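The values are calculated or read from the model by the stated rules, or taken from the named source; none is laboratory data. Keep in mind that this is a model prediction, so the values were computed, not measured. Methodologically, a virtual Cβ is constructed for each residue, glycine included, from the backbone with ideal geometry; neighbour enumeration extends over all protein chains shown.
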DNA sequence: GTTTTTGTTGATTGACGAGTCAATAAACTT
DNA sequence: AAGTTTATTGACTCGTCAATCAACAAAAAC
């Protein structure tokens, strides 16, 4: 049943299926066949479009980071003033699309992938750098010279809250996660110079 | 060359080799043969003593958590008063033995293992609970009702700083990691009630 | 309407790796 | 000295899985 113009649809389906499969399995040790089946095709087709398992993973990772980025940008669009914008960035990091069980678990696994895969590492680094730069930019007028350190601390805290959520048994508690991070922001802004 | 009383020595060697191998590879996808070779024995012997790869991993994880615990206790032993003790706990988390490249990378990978392996998950949970309880105990006299939230935040921040260190290309910067976390403590203690 | 491009899969290959086993040997027991 | 326990490994089995390939089908191009 070959329908023309299938490529982008198939690729998207595979990326989605990869995130779901890795997220559910909680591990990168999933087979191409599993992913392909979930995406409704044969494993041969998955290889046909992506060439290798590695490339499938990288595409999925790119997708996750893109979603993060988009949600942060979305949250940012309505915010005015440094404090509002700072809080919007944090909020964006915990929005619906990103702070979901499989997404979190998949993210953790891609983090591990970045330990071995140079391209995965590059992607993650680019993303982190951009995030830190955004945070620093809003923090500068709020905490001055401390901006760099606070940006790093915030980034690390967000990552930490994420991996802790990956380990929780119930559905991740978005509100509580957000509370922890926002209170960090509160503390830093209380004593601003 | 069978020397009697080899079991504990072999087991220890395997645990050590596992942490090193996983840490270096940055992945759990290492073979029993690799681990065994590094520990100076055949893979058959590794299976003989541990029964399965899974059990080898669990033993390695237990070892890592034990080392953490010991270092925290060590740091705690000389500290007096809640604030000193709180800072000692943090310090213990970043001590020489734990905050090392392979240990960090291995820890991250065991974190991932805990997503799938019930026993690994249990171990990690027990460890986290104890750590949080320790933190809370020292925080209570310092920040009162906020103790629970701060303990959680601190725990998450420490985890976050760890995984970020796993991604760094150079040797992990212990001093900087510590600075980030200690400043979090500073902020929380500044406005104590 | 034939050729080319795009889509698709079942079957196969080839490698790798966990776990088992039989065999060998040194040390301890009686 | 014979028997038992502990240590140790090379060789093998068996399953799994990424990747390839040959073949078929439909649409597009010519």
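State whether one or more residues within the stretch B:149-166 are in contact with a helix residue (DSSP H, G or I) (Cβ under 9 Å, 6 or more places away or on another chain) and surrounded by fewer than 19 Cβ atoms within 10 Å (Cβ to Cβ).
Residues of the stretch B:149-166 that are in contact with a helix residue (DSSP H, G or I) (Cβ under 9 Å, 6 or more places away or on another chain), as a first pass: B:149-166.
From the residues that got through so far, the ones that are surrounded by fewer than 19 Cβ atoms within 10 Å (Cβ to Cβ) too are B:149.
Yes, the stretch B:149-166 contains a residue that is in contact with a helix residue (DSSP H, G or I) (Cβ under 9 Å, 6 or more places away or on another chain) and surrounded by fewer than 19 Cβ atoms within 10 Å (Cβ to Cβ).
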Filter result for residue B:95 (part of a loop (DSSP other than H, G, I, E, B), closer than 26 Å to residue B:181 by Cα and away from DNA strand C (no atom under 15 Å from the Cβ)): yes
Failed criterion for residue B:93 (all others in (1) more than 14 Å from chain A (Cβ to nearest Cβ); (2) buried (at least 21 other Cβ atoms within 10 Å of the Cβ) hold): (1)
Output for the stretch B:169-193, where each listed residue is at the interface with another protein chain (Cβ under 10 Å from one of its Cβ atoms) and free of Cβ contacts under 8 Å to residues at least 12 places away in the same chain: B:169, B:176, B:179, B:183, B:186, B:187, B:190, B:191
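Identify all residues within the stretch B:144-167 that are more than 10 Å from chain A (Cβ to nearest Cβ) and either over 14 Å from residue A:180 (Cβ atoms) or modelled with pLDDT under 95 (or both); write none if there are none. Can you show your working first?
So the first thing to find is which residues in the stretch B:144-167 are more than 10 Å from chain A (Cβ to nearest Cβ), and the list is B:144-145, B:147-148, B:151.
Within the stretch B:144-167, B:144, B:145 qualify.
So is residue A:130 away from every other protein chain (no Cβ under 11 Å) and within 15 Å of the chain's Cα centre (by Cα) or not? Please lay out each step first, then the result.
Details: away from every other protein chain (no Cβ under 11 Å): yes; within 15 Å of the chain's Cα centre (by Cα): yes.
Yes, satisfied.
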Residue match in the stretch B:29-37 (condition: assigned to a helix (DSSP H, G or I), more than 8 Å from DNA strand D (Cβ to nearest atom), within 14 Å of another protein chain (Cβ to nearest Cβ) and without any contact (Cβ under 8 Å) to a residue 12 or more places away in the chain): no
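Collect the residues in the stretch A:38-59 that are in a helix (DSSP H, G or I) and either more than 10 Å from DNA strand C (Cβ to nearest atom) or within 13 Å of chain B (Cβ to nearest Cβ) (or both), keeping them in residue-number order. Show your work before the answer.
Kept after step one, since they are in a helix (DSSP H, G or I), are these residues of the stretch A:38-59: A:38, A:43-50, A:53-59.
Within the stretch A:38-59, A:38, A:50, A:53, A:54, A:55, A:56, A:57, A:58, A:59 qualify.
Looking at this structure, is residue B:77 free of Cβ contacts under 8 Å to residues at least 40 places away in the same chain and under 30 Å from residue B:175 (Cα atoms)? Lay out the reasoning, then the answer.
On the way: free of Cβ contacts under 8 Å to residues at least 40 places away in the same chain: yes; under 30 Å from residue B:175 (Cα atoms): yes.
Spelling it out, residue B:77 is indeed free of Cβ contacts under 8 Å to residues at least 40 places away in the same chain and under 30 Å from residue B:175 (Cα atoms).
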Flag if residue A:136 is more than 9 Å from chain B (Cβ to nearest Cβ), at negative phi and modelled with pLDDT of 95 or more: yes
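Among the residues of the stretch A:1-28, write down those that are within 14 Å of chain B (Cβ to nearest Cβ) and either near DNA strand C (Cβ under 9 Å from one of its atoms) or outside any helix (DSSP H, G or I) (or both).
Filtering the stretch A:1-28 for residues within 14 Å of chain B (Cβ to nearest Cβ) gives A:21-28.
Within the stretch A:1-28, A:26, A:27, A:28 meet the criteria.
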